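Visitor: Quick one: this structure, given as structure tokens, is what I'll be asking you about.
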Amino acid sequence: MINIEIDGKQIQAENGATVIEAAHSAGIAIPHFCYHKKLSIAANCRMCLVQVEKAPKPLPACATPVTEGMKVHTHSEQAVKAQQGVMEFLLVNHPLDCPICDQGGECMLQDMSVGYGGGHSRYHEEKRTVLAKDIGPLVSAEEMSRCINCTRCVRFGQEIAGQMELGQAFRGEHAEIMSFVSGTVNSELSGNMIDLCPVGALTSKPFRYKARSWELSRRRSVSAHDSLGSGLAVHTKNNRVLRVLPIENEDINECWLSDRDRFAYEGLNSAERLTKPMIKQDGKWQEVEWQVALEFAANGLRHIANGAGAEQIGALATANSTLEELHLLQKLMRGIGSDNVDFRLRQSDFSGDGKQQGASWLGMSIADIGNADRLLVVGSFLRKDHPLLAARIRKAVKKGAQVSIIHSTDDDLLMQVAHKTIVAPGALVDALDKVAKGMAAKQADGIAGSLLGGERVAVLLGNFAQQHPQAAQLQALAQQIATAANGKFGFLTEAANSVGGQLVNAVPGAKGLNAAAMLATPRKAYVLLNVEPELDCANPQQAMAAMQAADLVIAMSAYKHHATEYADVLLPIAPYTETSGTFVSAEGRVQSFKGAVKPLGETRPAWKVLRVLGNLLKLDGFSQDTSEAVRDEVLKGMDVAAKLNNASPVPTQHSAPSTQHSGLQRVADVPIYYSDAVVRRSAPLQATTDGAIPLVWMHGEEMKKLGLQSGTVVKVSQGQGSVKLFAAADDKLPVGVVRLAAGHAATAALGAMFGTITVERA
Amino acid sequence: MLSQQVTTLIDKELKKYPADQRQSAVMAALRFVQDEKGWIAPEDMADIAVYLGMQQMAVFEVATFYHMYKLEPMGKHTLTVCTNLSCQLCGSGDTLDHLHKRLGIGLGETTPDGKYGIREGECMGACVDAPLLTINNRQMCGRLTPEKIDQILAELDKQ
Amino acid sequence: MNAPILFNTLHFDQPWTLENYLKVGGYQALRKVLTEKMSPDAIIAEVKASGLRGRGGAGFPTGLKWSFMPKNYDGVKYLVCNSDEGEPGTCKDRDILRYNPHMLIEGMAIAAYCMDVKTGYNYVHGEIFEAYERMEAACEEARKAGYLGKGILGTNFEFDLHNHMGYGAYVCGEETALLESIEGKKGQPRFKPPFPASYGLYGKPTTINNTETFASIPWIIANGGKKFADIGVANSGGVKLFSVSGHVNKPGNFELPMGTPFRKLLELAGGVRHGHKLKAVIPGGSSMPVLPGEIMMEVNMDYDSLQKAGSYLGSGAVIVMDETTCMVKALERLSYFYYEESCGQCTPCREGTGWLYRIIHRIEHGEGKPEDLDLLLSLCDNIAGRTICALGDAAAWPVQGMLKHFRKEFEYHIEHKRCLV
Ligand SMILES: Cc1cc2nc3c(=O)[nH]c(=O)nc-3n(C[C@H](O)[C@H](O)[C@H](O)COP(=O)(O)O)c2cc1C
Ligand code: SF4
Ligand code: FES
């Protein structure tokens, strides 16, 4: 600790801290623009100049390390003169268009010019204009004349996003922030640049001109789009969500937000929203009163249960349904006598069911991931599936951690990867097995060697590994590897409430059918909670066949989707911004939230709908008044941490040899903006490169064999279905695989996410 | 695609720097491309980025920061005239006037036949030879007089 | 006058060859250091005794700078030569590169030995392509002859030197911008601390000196520091290269003892052109404040004398202006230079240099206002000392110098919308 004095106040500062850090931790504000606690020090704006006794000239507080006995004045004549001088320079070329600027009311420059700017301008020369840039559908760079060249956005790209999409080109007064040859910014974290920009140069394109900041109400919420549990500040006006910003929490999302979390809200206002209950009568959809729809649904269920038997009813939910919804759904199902309930819609190997000691989870805290010194990530489209975890790992790698990858694609993670094994899905088990065996060897090298050299080792299984047909074997091996390295092992769980769903037991018991089995052996009736079967299930072909064959499909959804083709009743339920609820994140953090706006139209929160259904079916225990009561029913007295346990018995002799595949194997990712119903309907996200229609990716050699070239239209078939799409070459893919995304309408006619697939010239 | 000749030159330059510092050769790489084709196009920068393992934007930053790079064609013979103080005192204004008379173009312009371009330069570190100009960044001509400029142009006309 | 030290090969037809350099005792100092196994401390002591101060402009004592490098350090360290001479008026290093490249190589090799460095870079200004080629050839020659590379002069001393070409950015003369540039980035200066001696090229300890500084080393080692110091005057040891440009009859580079009267330097440069009257002189490169001719005629060319007179020795580049010179126009051009060359990172420099230039441009074009002059001075106050590197100061000083000595001329310009001259 070092003793310094700031403005006469005695302060203790960490060794190596800068003056601004010391001041901030003591609650003393120092004006600044370029400084940001999460970014490297640029010291270029010069706004933070302060007087330091014995220094001949003012020093930038952001870049000056504290020294014992240092005396700092932030308000002395010298300091204020320096700050005012800088302020004047910042304003000379800055347009004074605050009244129309989107940043108005939350602009650092505006705030500070009130405090530090002079009254009238001494600048009478022409102001510089900087051309507007189009850098994509999310971030607006329309007003680059407002840029003060603090380079926060550039440093964010280089340091956090791992990708230098924006740079400061040219020099001196001609310096401009821009992308390379007017390219778009494609980072999955790009929206953070909007928050970082201290002025109104980079603004949110979807939010532009929608509202002034002071007109907005703010509600806390939790991200529904991945398993991190990011804190959201939902900004609303006139009962409409107009933008979403991060709520800072160092242990979760720090001060960042992924673009998915930030811009998904645009899907909430989609024209496809279902706002009235509907039933199909004589093949025609009719809007009806809630009571009518609910009775219709209850009667239908009762009819099937009494006739064909309750086991002919299956319930499927998405894993981003709330804890309350999932709890009442399973309670309803069990109440009517069916054990068929599941939310693990893209999983294909359920052989581990009932064997694991607790709920699958991250196996460590999110912060632990950032502190790991050796990581192995197995089967994960890391950047796109878990954008902010990827950023955390990137930061760890910058600090010296080694990350190794075992996967079936080799996408650029924008970080240095120590070792990687990229193999077809069928060879994934072998690849892990080799590492496990390698760890036992005396002189381990490659991945095994890297892991053995670590002190804080993390082995993580991604979505792809969890969806894999040999998921249980992958899990067993990962566990074995982690143990050998004295490390931790966990799942990068797929969705906002994957852990919560397990805690409420929204999974089949011994008698029940899991998600895959419910579709493979079709049921007579289905209850769908938030599910779009052709997009959310492991095998859309099979799912759709089951839906079409069913006598009764009750679709609870926020959207009018394909269900209109096969469902019998549509119940409009609230997305996460219109209901209260709880998500349990990958690390087991239980976070409840309230609705930010009132439900749209006649939409109702799903927990209330399920409660009424329970009552109509005369079931016990459906009298909760509030969602909190539903939550407490599950969580009160539950030691959540104790329920989380990835351990499962390790098969002594694991694995039959990897499945032999003839022909091409499909590798299906669920691209970031196809991942759930809300993001699928966010127009700005769909307009990004990540939202584009899927391509059929193959290794160049594979294409040559098939006589194809990038851009050729190909016919891709699985089972009875086929689709026509463009082929594209990716020589980083293993030969023998075809990468084709799931979760998109363009591939919904196809079969399972794993397995053989055929490709031919169309 | 970078030409064989350019990559050979870059490879040679790379030997000067530690193996993990390929980016150090970016200034030279841009120069080689410019020497070969007279200017640097975005595709060239993208190629250099790949060759040196850099982000494209980082190459672009370098190319736009240093003023001797030409990011658009500036004539087969680009004459860069220093107009800084020592040269100004010694008549760089006359140099420009004479060039204007001879070529019909002023600063920042290129002759319609694409043969000559005139740029303004900052101090070239040869002030005792003022006034001066460089030809394609490669050849420096000092103590310019109208006669000397005519001679230079006559030489260049032949090429 | 003494025999030339830095230009000791100039009498040859091809002064730059190794053969000729050897004829004048070249590489003997390096040989002495290596064969006598001179200790680094002893070398630094000689350099300190020589009174050698950095010839790049700031005049920092070279021996002291060398002593900052970490000792008994097992990591990589670097030595960097600053030949990015681009300060208007300055063109002395170019002549060292062109005419005596081996002297620079020898000086750097001695420095490298002293600071236990194996790799050096020489950053050459972009426009002097010919000098760059000459240096490349000289390094190759030295490598072949065993003065660079492994096992230099049969010892286990190893040092190699590479040339890196700048490409048109004055700010790269600033030492940390120069390092960024070698790293393949924009030449934007780094904030200091940390200083290069602890965090330099590629983040490794690095010492940077000017070309002329390094070139002075062999003679100092061969003849002893004291002898070098004695050539000059107190606080300004040795000889210095003065580039004289502008309104003189015989512009050129002159090697003279420190403390030589300006009067004599002007005489060597053939006097003011066409017999005109001397009006003003910028005595140390364009960044240094201008001084009126009368003051200059009484001044000696050394650090202390010039400082007393209200300017600085800087790089030793002398720009001479005769009575026909319009000071407004001269300052307009200089201000344009700093405006064009600002790297763009610091707010005061990026925004302030343009503002200064535009005001002076207005004055020059008959649109000045009386309050402009005080505004200029106030802006200078807000730029100088507020930036990462000294380019901000360099932009302010010429304005302050001009307004101090030639304010009347500016006022005349504003009032009459035309030149006084
Ligand atoms: C804007 C600016 C330009 C500079 N240009 C040069 C230059 O061209 N050559 C040089 O040697 N030093 C230049 N310097 C000084 C260097 O930063 C550094 O002090 C010098 O190279 C150190 O060498 P020395 O101690 O041998 O003088 C410049 C400094 C600034 C701020
Ligand atoms: S003073 Fe000017 S040139 Fe120096 S670092 Fe700052 S902006 Fe760049
Ligand atoms: S905040 Fe310190 S210089 Fe910008």
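Visitor: Just to be sure I understand: of the beta bridges DSSP finds with both ends in the protein assembly as shown, what percent are antiparallel, rounded to 5?
Guide: 55
Visitor: A further question follows. Of A:Val531, A:Asn505, A:Val459, which is farthest along the charge dipole of the stretch A:442-564 in the positive direction, counting Lys and Arg as +1 and Asp and Glu as -1 at C-beta?
Guide: A:Asn505
Visitor: Now for a separate question. Pull up the cross-link candidates among the lysines for C:Lys92, meaning alpha carbon to alpha carbon under 25 Å and not fewer than 8 places away within one chain.
Guide: Here the lysines satisfying the reach criterion relative to C:Lys92 are B:Lys148, C:Lys23, C:Lys48, C:Lys65, C:Lys226, C:Lys227, C:Lys240, C:Lys250, C:Lys264, C:Lys279, C:Lys308.
Visitor: Each residue of the stretch B:17-25 in order: what ³J(HN,Hα) in whole Hz does its phi give by Karplus 6.51 cos²θ - 1.76 cosθ + 1.60, θ = phi - 60°, with x for Gly and Pro?
Guide: 10, x, 4, 8, 10, 4, 4, 4, 8
Visitor: For the stretch C:198-347, state the semi-axes of the equivalent ellipsoid (square roots of 5 times the eigenvalues of the alpha-carbon gyration tensor), sorted largest first and rounded to whole angstrom.
Guide: They are 28, 24, 13 Å, listed largest first.
Visitor: Please turn the phi angles of the stretch A:192-209 into ³J(HN,Hα) values with the Karplus equation 6.51 cos²θ - 1.76 cosθ + 1.60 (θ = phi - 60°), one per residue in order, whole Hz, x for glycine and proline.
Guide: Working through the residues one at a time gives 4, 5, 5, 5, 6, 4, x, 10, x, 7, 9, 10, 7, 5, x, 8, 3, 6 Hz.
Visitor: Helix A:540-549 versus the longest principal axis of chain A: what angle, 0 to 90°, nearest 10, using Cα atoms?
Guide: 50
Visitor: Averaging the inverse of every distinct alpha carbon separation and then flipping it gives the Kirkwood radius. What is it for chain C, in angstrom units?
Guide: 22.0
Visitor: Once you compute Rg and the Kirkwood Rh from C-alpha atoms, what is the Rg to Rh ratio for the protein assembly as shown?
Guide: My calculation puts Rg/Rh at 1.04.
Visitor: Mean residue ellipticity at 222 nm from the helices of chain A, using -39,500 (n - 2.57) per DSSP H segment of n ≥ 4 over the full residue count, to the nearest 500 deg cm²/dmol?
Guide: Working: 26 runs with 207 residues, N = 762.
After summing the helix terms and dividing by the residues of chain A, the value is -7500 deg cm²/dmol.
Visitor: With θ taken as phi - 60° and the coefficients 6.51, -1.76 and 1.60, list the Karplus ³J(HN,Hα) couplings across the stretch B:143-159 in order, rounded to whole Hz; mark glycine and proline as x.
Guide: My calculation for the stretch B:143-159 gives 6, 6, 9, x, 5, 5, 5, 4, 4, 4, 5, 4, 4, 5, 4, 5, 7 Hz in order.
Visitor: Helices from chain C with mean Kyte-Doolittle at least -0.5 and a Cα length along the axis of 18 Å or more, per DSSP H: which?
Guide: Span-like helices in chain C: C:101-115, C:211-223, C:327-341.
Visitor: State, as an integer percentage, the relative contact order of the stretch B:77-157 based on alpha-carbon contacts under 8 Å between residues 6 or more apart.
Guide: Over the stretch B:77-157, the number comes to 39 percent.
Visitor: Next up: Just to be sure I understand the model, the point goes 7 Å from the Cα along the line to the Cβ. What's the resulting C:Arg263 to C:Arg143 distance in nm?
Guide: Simple spin-label model gives 5.2 nm for this pair.
Visitor: Right, another one. Among C:Phe228, C:Phe195, C:Phe410, whose mean-square fluctuation peaks in a Gaussian network model of chain C (Cα, cutoff 10 Å)?
Guide: Largest GNM mean-square fluctuation: C:Phe195.
Visitor: Right, another one. Expressed as a whole number of Å, what is the distance separating the alpha-carbon centroids of the stretch C:349-421 and the stretch C:77-136?
Guide: 35
Visitor: Using only helices, what value at 222 nm comes out for chain B when you add -39,500 (n - 2.57) per DSSP H run of length 4 or more and divide by the total residues, to the nearest 500 deg cm²/dmol?
Guide: Dividing the helical sum by the residues of chain B leaves -14000 deg cm²/dmol.
Visitor: Mean separation of Cα pairs under 8 Å and 6+ residues apart, divided by the residue count of the stretch B:4-65: what relative contact order is that in percent?
Guide: Details: 49 pairs, mean separation 18.2, N = 62.
Normalised by residue count, the contact order of the stretch B:4-65 is 29 percent.
Visitor: Hey, another quick one. Checking a compactness column here: for the stretch B:4-65, what do you get for Rg(Cα) / (2.2 N^0.38 Å), N being the number of residues?
Guide: Working it through for the stretch B:4-65, the quotient is 1.00.
Visitor: Counting only Cα, what are the radius of gyration and maximum Cα-Cα distance Dmax of the stretch B:62-158, in Å?
Guide: 12.5, 38
Visitor: What is the helix-to-structure angle for A:387-398, meaning the angle in degrees between its Cα long axis and the longest Cα principal axis of chain A, kept from 0 to 90 and rounded to the nearest 10?
Guide: Relative to chain A, helix A:387-398 is tipped by roughly 50 degrees.
Visitor: For chain C, what is the relative contact order in percent, using Cα pairs closer than 8 Å and at least 6 residues apart in sequence?
Guide: 16
Visitor: Let me ask another. Can you order the peptides A:717-730, A:274-287, A:328-341 by their average number of other Cβ atoms within 10 Å per residue, highest first?
Guide: Order by mean packing, descending: A:328-341, A:717-730, A:274-287.
Visitor: Which of the listed residues, B:Cys90, B:Leu30, B:Tyr66, is farthest toward the dipole's positive end in the stretch B:1-90, when Lys, Arg count +1 and Asp, Glu count -1 at the beta-carbon?
Guide: The one lying farthest along the dipole's positive direction is B:Cys90.
Visitor: Sticking with this one: Rounded to the nearest 20 debye, what is the charge dipole size of the protein assembly as shown about its Cα centre when +1 sits on each Lys and Arg Cβ and -1 on each Asp and Glu Cβ?
Guide: With Lys and Arg at +1 and Asp and Glu at -1, about 1040 debye.
Visitor: Once the piece of chain linking B:Ala19 and B:Glu155 is laid out straight, how much longer is it, given 0.36 nm per residue of separation minus the C-alpha distance between them? Don't jump to the answer; show the numbers that get you there.
Guide: Working: separation 136, 0.36 × 136 = 48.96 nm, distance 4.25 nm.
Length gained between B:Ala19 and B:Glu155: 44.7 nm.
Visitor: So what's the net charge close to C:Glu351: Lys and Arg +1, Asp and Glu -1, counting the other residues with Cβ under 15 Å from its Cβ?
Guide: +1
Visitor: While we're on this one: Using 0.36 nm per residue, how much length does the chain from A:Ile693 to A:Ala629 gain when fully extended, once their Cα-Cα distance is taken away?
Guide: Stretched out fully, the A:Ile693 to A:Ala629 stretch lengthens by 18.8 nm.
Visitor: Along the charge dipole of chain B, which of B:Ile10, B:Ala46, B:Thr78 sits closest to the positive end, that is, farthest toward it, with unit charges on the beta carbon of Lys, Arg, Asp and Glu (+1, +1, -1, -1)?
Guide: Farthest towards the positive pole: B:Ile10.
Visitor: Do you know the Lys pair count in the stretch A:33-117 for C-alpha distances under 19 Å, with sequence separation 8 or more or different chains?
Guide: 5
Visitor: Follow-up. Round to a whole angstrom and tell me the spacing of the C-alpha centers of the stretch B:78-96 and the stretch A:57-125.
Guide: Cα centroid of the stretch B:78-96 versus Cα centroid of the stretch A:57-125: 39 Å apart.
Visitor: Moving on. Counting Lys +1, Arg +1, Asp -1, Glu -1, what net charge surrounds C:Lys186 among other residues with beta carbon under 12 Å of its beta carbon? The partial results should precede the final answer.
Guide: On the way: positive: A:Arg171, C:Lys185, C:Arg190; negative: B:Glu61, C:Glu180, C:Glu183.
Cβ neighbours under 12 Å give a net charge of 0.
Visitor: What is the extension gain from A:Ala367 to A:Lys355, computed as 0.36 nm multiplied by their sequence separation minus the C-alpha to C-alpha distance, in nm to one decimal?
Guide: 1.5 nm
Visitor: Right, here's the next one. Taking the alpha-carbon centroid of each part, what is the distance from the stretch A:294-331 to the stretch C:277-330 in angstrom?
Guide: Taking the Cα centre of each part, the stretch A:294-331 and the stretch C:277-330 sit 93 Å apart.
Visitor: Greater than 30 Å separation of Cα atoms is the criterion. Which listed pairs, A:Lys276/A:Lys511; A:Lys594/A:Lys636; A:Lys384/A:Lys636, meet it?
Guide: Violating the 30 Å Cα-Cα cut-off are A:Lys276/A:Lys511; A:Lys384/A:Lys636.
Visitor: For the stretch B:77-157, give me the percentage of DSSP beta bridges that are antiparallel, rounded to the nearest 5 percent.
Guide: Restricted to the stretch B:77-157, the bridges split so that about 55 percent are antiparallel.
Visitor: Moving on. Between C:His164 and residues 5 or more places away or on another chain, which pairs have amide H atoms under 5 Å apart, with H built 1.01 Å from N, and which residues are they?
Guide: C:Asn122, C:Tyr123, C:Val124
Visitor: Between C:Val421 and B:Lys37, how high is the FRET efficiency from 1/(1 + (r/R0)^6) when r is the Cβ-Cβ distance and R₀ = 45 Å? Nearest 0.05.
Guide: 0.45
Visitor: Of C:Cys349, C:Cys91, C:Cys114, which is the most mobile in a GNM of chain C whose springs link Cα atoms less than 10 angstrom apart?
Guide: Evaluated over chain C, the most mobile residue of the options is C:Cys114.
Visitor: Of the residues C:Asp74, C:Asp93, C:Asp230, which exhibits the maximal mean-square fluctuation in a Gaussian network model of chain C defined by a 10 Å Cα contact cut-off?
Guide: Evaluated over chain C, the most mobile residue of the options is C:Asp74.
Visitor: Could you tell me how many degrees, from 0 to 90 and to the nearest 10, lie between the Cα long axis of helix A:471-484 and the main elongation axis, the longest principal axis, of the Cα atoms of chain A?
Guide: For helix A:471-484, the angle is close to 50 degrees.
Visitor: Rounded to the nearest 20 debye, what is the charge dipole size of the stretch A:142-222 about its Cα centre when +1 sits on each Lys and Arg Cβ and -1 on each Asp and Glu Cβ? Please report the intermediate quantities before stating the final value.
Guide: Details: 11 positive and 9 negative charges, 93 e Å.
Computed charge dipole of the stretch A:142-222: roughly 440 debye.
Visitor: Related question: Hey, how much of the P(r) for the stretch A:138-204 falls beyond 19 Å, as a percent of Cα pairs?
Guide: So the pairs more than 19 Å apart make up 20 percent of the total in the stretch A:138-204.
Visitor: Separate question: What's the FRET efficiency of C:Glu36 with A:Gln78 using the Cβ-Cβ distance as r and R₀ = 51 Å, to the nearest 0.05?
Guide: FRET efficiency, C:Glu36 to A:Gln78: 0.45.
Visitor: Around C:Lys308, with a cut-off of 12 angstrom between Cβ atoms, what is the net charge of the other residues, counting Lys and Arg +1 and Asp and Glu -1?
Guide: Numbers: positive: none; negative: C:Glu298, C:Asp302, C:Asp304.
Every neighbour counted, the sum reads -3.
Visitor: Let me ask you something else. Taking each residue of A:37-43 in turn, how many C-beta atoms of other protein chains fall within 10 Å of its C-beta, and what is the average?
Guide: 2
Visitor: Please report, in debye to the nearest 20, how large the charge dipole of chain A is about its Cα centre when each Lys and Arg carries +1 at its beta carbon and each Asp and Glu carries -1 there. Please list the in-between numbers first.
Guide: Numbers: 76 positive and 78 negative charges, 30 e Å.
Taking the Cα centre of chain A as origin, the dipole is about 140 debye.
Visitor: Helix-only mean residue ellipticity at 222 nm, chain C, DSSP H runs n ≥ 4 weighted -39,500 (n - 2.57), per residue, nearest 500. What is it?
Guide: Here the helix-only value at 222 nm equals -13500 deg cm²/dmol.
Visitor: Follow-up question, since we're still on this one. Work out the P(r) tail for chain A: percent of alpha carbon pairs separated by more than 37 Å, whole number. Can you show the working numbers first?
Guide: Values: 132077 of 289941 pairs.
Result: 46 percent of Cα pairs exceed 37 Å.
Only the coordinates and a few stated rules stand behind these numbers; no lab work does. Here the structure is a predicted model, which is why all the values come from computation and not from measurement. Reconstructed Cβ throughout: ideal geometry from the backbone, glycine too, with neighbour counts over all protein chains shown.
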